[in-house]
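These notes are about the structure you will find just below.
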Amino acid sequence: MKFGNLFCLNSSSRTLDIQEKAISDNESRKKSAYLRQFISILCGYVLMIDVGVQVSWSSPALDYLKDNRTENYLTNEEGGFLTSLDAIASIIGFLTYPLLMNRVGRRYTIFVYALIQLSAWIVLNLANSYLLLCIGRIIVGTGYGGSFGFLTIYIGEMTERNVRGMFLSLDKICVNLGGFIVNAAGVFLSYRNMNMCMSVIPIIALGLFPLMLETPYFYLLKGQEKKAIETQMLLSGEKYPQMVSDDIERMKKTIKECEDSEKNVFHELFSDRGSRRGLIIKLITEFTYAFSGFLAIQSYVRQIFEKSGSTLEPGYCAMIVSGVQVIAGVPASQLVDRWGRRPVYLFSGFASAINLSIIGGYFFFYNYMQYDMSSVSWIPLVCMVLLQIVLNMGVSTMPYIYSGELFSVKVKGLACMLSSLCHSVFGFICKFLLPVVVDSFGLYSAFWFFAIVCIVGPIIVFNISPETKGKHLEEVLELLNESNKKHTVKENSVSKL
């Protein structure tokens, strides 16, 4: 009997060892697969750093270009137009990447935009006239519009759903990191040396291009199922083709739905109540984001601090604010899954409005009333830092979240393209008019306008949008198709369940 018990114990121990080894091997394969996914996307992340550099480039560059001792001396109006030109040119990028991605492939689409971003730096480095500077900024907008618009699609096709949110959040963090890098470079380097150093970033991206994998989706689009299976096995860490058969079938189904959705998609977007309402919500969040002060601060942060009378050099203030942007979005982005989209967006808007109002009040008393504010000259910097944190909680992140949560597969592509075009127009208007408004009405009036937008926009969205936290797409679409009263009742019933 004892020998029998001992035999059973030994058998159980061997079984446990085998199970533990299998679990360990599976975890090891998953970690290797996640690393492979990250390495494949790394080229795109480096391009996103360059996007952040280009968006914030005007902040350190304008100090040089507006110096009347330089060959490229610009007036305020010329500086405002140059700063905003990339925003309107990004429309070219948004319109061209859908034409490229299904023809040359996903990885070569990124390669094309990496070349465009590098060519933009070449033009800016060689520019010796205002015309060449404008051409350079048009190329900038084309490059980053395509890169920024397309990379989320590439990440979505290359990553598993349980880590997709993390990989997508790195996208925005890289953009913020680029803003910090160019502001830091603007403090320690001359204008020419800053441009030369920043042009290295797309070169690094091109060097990482051979590490990229083509997506299984593209292989399936071209009828190359064997390559799609092999790539999916690499990305998922599976050893056998049958282990990824469900993923391949799901991709085929998605591709079929997308092909079917090309028919009458425009009519569907505007005739269907839920799709139309989702587009309205998305456009309101884009307008709020563009006129929340976020884009203006990115583009003119040094110039804003030059007018504040701060004892700290404006370049260092710009470094601090852009540095906070890098880390602010990491913990703040987790709140939307805890509190819900609508409460976080409302809180973010009101908290941003408070900080914007305080900054506006400071500039009103300092610039307009000519009060001595030396004892409280720290207010703009502190409030600007707090502003970056609360904006990243909802106002600057909700447009990206709603892109994936408000639209059916059939209309998502068109809806996101239209909202991206509107975002470009809003960004151009904001960055172009800010210097004009400041010269005509004072800097304080711009901050107070931003504060009003941060109050009104979230209130409207809070009242007309359903709560999408924890809901499947089908549930969200059902809520969007109901009246306000009905969808509130529906939400309550779903919450109780």
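The values are calculated or read from the model by the stated rules, or taken from the named source; none is laboratory data. Treat the numbers as computed from the prediction; the structure is a model and nothing was measured. As a convention, Cβ positions derive from the backbone with ideal geometry for all residues, glycine included, and neighbour counts pool all protein chains shown. When the accessible area is computed, the model is the full protein with side chains, heavy atoms only, and any ligands, DNA or RNA have been set aside. Shrake-Rupley method; radii C 1.70, N 1.55, O 1.52, S 1.80 Å.
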task: Could you run through the range 439-470 and say how many residues are without any contact (Cβ under 8 Å) to a residue 40 or more places away in the chain and open to solvent by less than 40 Å² (accessible area, probe 1.4 Å)?
output: 1
- line: Expected single match for surrounded by fewer than 24 Cβ atoms within 10 Å (Cβ to Cβ), free of Cβ contacts under 8 Å to residues at least 12 places away in the same chain and within 30 Å of VAL436 (Cβ to Cβ) among LEU132, LEU95 is LEU132
task: Filter the range 111-128 for residues that are open to solvent by 40 Å² or more (accessible area, probe 1.4 Å) and farther than 19 Å from PHE209 by Cα and give the result.
output: ILE122, LEU126, ASN128
- prompt: Could you say whether any residue in the range 330-346 is open to solvent by 40 Å² or more (accessible area, probe 1.4 Å), modelled with pLDDT of 90 or more, touching a helix residue (DSSP H, G or I) at 6+ places or on another chain (Cβ under 7 Å) and at negative phi?
  reply: yes
query: Within the group GLY309, GLY360, GLY315, GLY323, which residue is part of a loop (DSSP other than H, G, I, E, B), farther than 30 Å from LEU479 by Cα and in contact with a helix residue (DSSP H, G or I) (Cβ under 9 Å, 6 or more places away or on another chain)?
result: GLY309
- prompt: If you take the residues in the range 135-176 that are within 21 Å of LEU62 (Cβ to Cβ) and not β-branched (Val, Ile, Thr), which one is most open to solvent (accessible area, probe 1.4 Å)?
  reply: TYR144
message: Go through the range 378-418 and report how many residues are open to solvent by 10 Å² or more (accessible area, probe 1.4 Å) and among the polar types (S, T, N, Q).
response: 3
message: Yes or no: the range 370-382 includes at least one residue that is of a type in the set (Ser, Thr, Tyr), farther than 26 Å from ALA87 by Cα and not in a loop (DSSP other than H, G, I, E, B).
response: yes
- prompt: When you go through (1) among the β-branched types (Val, Ile, Thr); (2) farther than 25 Å from GLY52 by Cβ; (3) open to solvent by 80 Å² or more (accessible area, probe 1.4 Å) one by one for VAL265, which number turns out not to apply?
  reply: (3)
statement: Considering only helices (runs of 4 or more DSSP H) wholly within the range 177-236, the ones with at least 2 residues that are surrounded by fewer than 16 Cβ atoms within 10 Å (Cβ to Cβ) are 191-198, 200-208, 225-236
statement: Taking the range 280-303 and keeping only residues that are open to solvent by 10 Å² or more (accessible area, probe 1.4 Å) and among the aliphatic types (A, V, I, L, M), one is left with ILE280, LEU283, ILE284, LEU295
message: Of the residues ALA33, ALA61, only one is more than 20 Å from the chain's Cα centre (by Cα), hydrophobic (A, V, I, L, M, F, W, C) and at pLDDT 85 or above; which?
response: ALA61
statement: By residue number, the members of the range 98-110 that are in a loop (DSSP other than H, G, I, E, B) and either under 19 Å from LYS412 (Cβ atoms) or open to solvent by 20 Å² or more (accessible area, probe 1.4 Å) (or both) are ASN102, ARG103, VAL104
message: With the structure loaded, tell me whether SER308 is in contact with a Pro (Cβ under 7 Å, 6 or more places away or on another chain) and more than 20 Å from PHE81 (Cα to Cα) or whether it fails that test.
response: yes
message: Quick check on the range 385-406. Is at least one of its residues without any contact (Cβ under 8 Å) to a residue 12 or more places away in the chain, under 27 Å from GLU286 (Cβ atoms) and outside any helix (DSSP H, G or I)?
response: yes
- prompt: What are the residues in the range 365-379 that are under 14 Å from PHE441 (Cα atoms) and among the aliphatic types (A, V, I, L, M), if any?
  reply: MET369
query: Residues in the range 419-429: is at least one assigned to a helix (DSSP H, G or I), surrounded by fewer than 16 Cβ atoms within 10 Å (Cβ to Cβ), modelled with pLDDT under 85 and not hydrophobic (A, V, I, L, M, F, W, C)?
result: no
